[in-house]
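The values are calculated or read from the model by the stated rules, or taken from the named source; none is laboratory data. Everything numeric here is computed off the predicted structure, so don't read it as measured data. We place every Cβ from the backbone using ideal geometry, glycine too, and count neighbours over all the protein chains shown.
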């Protein structure tokens with residue numbers, strides 16, 4: 001049987017929370033034996049949408065990261081479960097048996113992603129099942145994928161996404177769990193700024209901005225009609241220089257910028273001859 005995977009494009013997620021609502025609609029107060037017991041009405045849904053705020057005033061960005069169960073190939077929950085309470089299907093979906101898992105809090109605690117939730121009322125751990133009960137009825141998509149208006153969430157056989165998986169990332173690869181959830185557009189680091197004329201205060205359009213790392217690698221961009229520029233999708237932990245050049249103005253270089261977080265730079269250029 002083909003391995004099932006989630007493919008999530010965070011750049012398309014607008015935090016509409018349709019996925020959250022659909023998950024509640026499908027699982028709250030509904031028993032889908034032997035896959036799951038009822039989800040809590042007021043507890044967490046089994047797909048979370050994390051809000052990631054980045055940058056500093058006046059350059060602030062917000063990204064949204066949907067998080068279903070990662071369905072890890074090396075699942076920590078499966079390793080700590082007793083009596084076969086956690087098992088893996090042939091399609092790779094990891095199921096927590098709602099009967100055998102009773103009282104086994106260690107299953108919830110074992111998840112490094114914190115995506116297994118403890119149901120106090122039923123005394124069991126619970127999580128996303130990739131809607132396994134629907135898959136077994138011939139459905140092609142879990143409910144959350146079905147209702148996603150931007151198609152930020154997609155689902156299918158791993159073979160359906162081979163080319164995209166090659167370009168994608170997994171959350172926290174350092175956990176070494178090899179999850180079945182792949183991401184495009186996970187937020188990284190940006191260096192942004194604004195350039196304006198020191199005399200008039202006007203924004204400077206089409207100024208050439210060059211970011212040069214200590215290694216010598218250089219990337220370029222240009223300011224827009226608001227004088228803004230941005231270098232996106234950078235990795236943290238490097239030092240760079242930024243040179244700004246514009247026709248009719250003296251160039252300026254900001255040296256040894258330590259990129260450990262998102263950075264905003266505001267610089268003014270002096271007209272030549274002044």
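A compact table of results
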| read-out | value |
| --- | --- |
| Flag if residue 192 is within 22 Å of residue 130 (Cβ to Cβ) and either touching a strand residue (DSSP E or B) at 6+ places or on another chain (Cβ under 9 Å) or surrounded by fewer than 17 Cβ atoms within 10 Å (Cβ to Cβ) (or both) | no |
| Flag if residue 109 is out of contact with any strand residue (DSSP E or B) (no Cβ under 7 Å at 6 or more places or on another chain), in the same structural domain as residue 13 (by TED's automatic domain parsing), assigned to a helix (DSSP H, G or I) and more than 30 Å from residue 266 (Cβ to Cβ) | yes |
| Filtered residues of the stretch 237-265 (kept if within 31 Å of the chain's Cα centre (by Cα), part of a strand (DSSP E or B) and surrounded by 12 or more Cβ atoms within 10 Å (Cβ to Cβ)) | 238, 239, 240, 241, 242, 257, 259, 263, 264, 265 |
| Candidates 67, 102 - the one that is out of contact with any helix residue (DSSP H, G or I) (no Cβ under 8 Å at 6 or more places or on another chain), within 15 Å of residue 130 (Cβ to Cβ) and outside the structural domain of residue 194 (by TED's automatic domain parsing) | 67 |
| Subset of the stretch 57-78 (residues that are in contact (Cβ under 8 Å) with a residue 24 or more places away in the chain, crowded, with 17+ Cβ neighbours inside 10 Å and farther than 30 Å from residue 149 by Cα) | 75, 76, 77 |
| Residues within the stretch 15-27 that are out of contact with any strand residue (DSSP E or B) (no Cβ under 7 Å at 6 or more places or on another chain) and assigned to a loop (DSSP other than H, G, I, E, B), tallied | 1 |
| Near pairs, Cβ below 9 angstrom, 6+ apart or cross-chain, from the stretch 212-225 (in a loop (DSSP other than H, G, I, E, B)) to any residue that is exposed (fewer than 10 other Cβ atoms within 10 Å of the Cβ) | 214/256 |
| Enumeration of residues in the stretch 149-163 that are part of a helix (DSSP H, G or I) and either at pLDDT 95 or above or touching a strand residue (DSSP E or B) at 6+ places or on another chain (Cβ under 6 Å) (or both) | 158, 161 |
| Subset of the stretch 203-236 (residues that are exposed (fewer than 14 other Cβ atoms within 10 Å of the Cβ) and either outside the structural domain of residue 261 (by TED's automatic domain parsing) or farther than 16 Å from residue 264 by Cα (or both)) | 206, 214, 215, 216, 217, 218, 219, 220, 225 |
| Extreme residue, surrounded by the most Cβ atoms within 10 Å (Cβ to Cβ), among residues of the stretch 169-189 that are in a loop (DSSP other than H, G, I, E, B) and in contact with a helix residue (DSSP H, G or I) (Cβ under 8 Å, 6 or more places away or on another chain) | 180 |
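This table checks each residue for (1) surrounded by fewer than 16 Cβ atoms within 10 Å (Cβ to Cβ); (2) more than 28 Å from residue 261 (Cα to Cα); (3) at pLDDT below 95.
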position	(1), (2), (3)
95	no, yes, no
119	no, yes, no
123	yes, yes, no
130	no, yes, no
134	no, yes, no
140	yes, yes, yes
147	no, yes, no
